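Structure record follows, encoded as structure tokens.
The values are calculated or read from the model by the stated rules, or taken from the named source; none is laboratory data. The structure displayed is predicted, hence computed values, not measured ones. Here the Cβ is made from the backbone with ideal geometry for all residues, glycine too, and neighbour counts use every protein chain on show. Surface areas here come from the heavy atoms of the whole protein model, side chains and all, with no ligands, DNA or RNA. Shrake-Rupley method; radii C 1.70, N 1.55, O 1.52, S 1.80 Å.
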Amino acid sequence: GNPPPYLSSPPPAPAPASRPELDPPTAPDARGLARKVLRTLATPHFDGLLNGVGSTSESDTPFSLVTATQLRSLCTAAVRLLEPEDMVLTGLQPPVKVFGALHGQLLDLLSHFRWQQPPTEENGDILYTTYVFLGDYADRGAFGLEVLTLLLSLKVAHPHRVALLRGHHESRHLNYHLGLKAECERRLGSVEGLKVYEHLNRVFEHMSLAAIIGGQILALGPGALPPSLSRLEQLRRYRKPLSLPHSSQPRPAQPLDRLNEQVLLELFTPGPLLPRELAAAREVTKEQMRLFCSQHRLAMVVRSRQVPVRGFAFECGGRLVTVNSCVDYCDLPGGNDAAILCITKEEGSQNLQVRPKVLTARVARVYQVVGRGLGS
């Protein structure tokens, strides 16, 4: 099974030996490549995507959806699209689908697409629905490369319909230790794998931190509201590419720099794992959530990172919604269902409706069997 959730902060990841270079203009046509990848979603059994995918255990299957060079070119195209986007995306209008953590569990992502329409132009809803992904794309599960290739292809093919937010694991301090780096090297070879790993982290450094849906719902990539975050303006100030701090590294001398770093540490480090001197190991209270929503005229905040048993949870009087989109995360005892959120506007009013769509472990397992059959 998957490794258990970590109980202490992994050490800082070493800095990259060199920054990945932009691919030359003669690189493969990224948009054409993205559309080719997305055509696999339009086939009855996701032909070409599930080859070799059937087991939930660690996969030694070589990665074959695209070549390493093609994946790097998708990364470069995605960076060019992500770089000019604001750190807090605005103007996203319903209908919107929100996906929580996926953790490389490709079959769960495909099952959501199967049951709630795929993001395709024919027989799908990508032309009139906005897709918001809250991050945690890889680590833990065995097929992070497929999940990332699909999502990067979605962004490149439909840049205005897809929001890729930066989650907790889109930090090299985590993904260096918890699965993505090892998956890249295992499935692409050590040389090509390391190049792809650096390109993917360059994409992560250009992802936005949050998005406002319908002017009323804040989708927050990394997790819960940090106690040190009083105004969204604080998130808007960060510049891309954004390198994340580690709690063991020396703190900046200037007070404003310290506050900016504190917010990032609280966003990307689970509260209980922060050193005591940072004094922020608590979740925001129900009252703080009410004040934050009131100040920003928000109805609710949507986040991932936590793992509700039913796949979703409404807390803080309905102002905080948690959604997790992968089934049986880390094979924890008792397991968990997975969900996505479908956000629509009520006819004739400004009210937004938030409907969780749940995928049970039983349904997802059907697709494991289908995947095994296709790969044989």
Can you name the number of the only condition in (1) free of Cβ contacts under 8 Å to residues at least 24 places away in the same chain; (2) under 19 Å from the mean Cα position of the chain (by Cα) that residue 100 fails?
(1)
Residue check, residue 118 at pLDDT below 95 and within 30 Å of residue 336 (Cβ to Cβ)
yes
Only one residue in 197, 176 is at pLDDT 95 or above and more than 18 Å from residue 85 (Cβ to Cβ). Which one?
197
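I'm checking my understanding of the structure. Among residues of segment 156-171 that are among the small types (Gly, Ala, Ser) and within 13 Å of the chain's Cα centre (by Cα), which one is surrounded by the fewest Cβ atoms within 10 Å (Cβ to Cβ)?
Selected residue: 163.
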Pick from segment 19-75, criterion open to solvent by 20 Å² or more (accessible area, probe 1.4 Å), outside any loop (DSSP other than H, G, I, E, B) and at pLDDT 90 or above, ranking: nearest to residue 112 (Cα to Cα)
39
Looking at residue 198, is it free of Cβ contacts under 8 Å to residues at least 24 places away in the same chain and in a helix (DSSP H, G or I)?
no
Out of (1) open to solvent by 10 Å² or more (accessible area, probe 1.4 Å); (2) over 30 Å from residue 296 (Cβ atoms); (3) out of contact with any Ser or Thr (no Cβ under 9 Å at 6 or more places or on another chain), the odd one out for residue 200 is which?
(1)
Is there any pair with a first residue in segment 60-87 that is farther than 18 Å from residue 210 by Cα and a second that is hydroxyl-bearing (Ser, Thr, Tyr) whose Cβ atoms are under 7 Å apart and which are 6 or more apart or on different chains, and what are they?
65/149; 66/149; 71/149; 74/149; 74/153
Would you pick out the residues in segment 203-221 that are open to solvent by less than 10 Å² (accessible area, probe 1.4 Å), touching a residue at least 40 places away in the same chain (Cβ under 8 Å) and within 23 Å of residue 322 (Cβ to Cβ)?
207, 208, 209, 210, 211, 213, 217, 218, 219, 220, 221
Can you pull out every residue in segment 172-186 that is farther than 19 Å from residue 330 by Cα and open to solvent by less than 10 Å² (accessible area, probe 1.4 Å)?
184
Of the residues that make up segment 222-242, is at least one among the hydrophobic types (A, V, I, L, M, F, W, C), closer than 24 Å to residue 138 by Cβ and open to solvent by 10 Å² or more (accessible area, probe 1.4 Å)?
yes
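Report yes if residue 178 is without any contact (Cβ under 8 Å) to a residue 40 or more places away in the chain and either touching a strand residue (DSSP E or B) at 6+ places or on another chain (Cβ under 9 Å) or more than 17 Å from residue 133 (Cα to Cα) (or both), otherwise no.
Values: without any contact (Cβ under 8 Å) to a residue 40 or more places away in the chain: no; either touching a strand residue (DSSP E or B) at 6+ places or on another chain (Cβ under 9 Å) or more than 17 Å from residue 133 (Cα to Cα) (or both): yes.
No: the conditions fail for residue 178.
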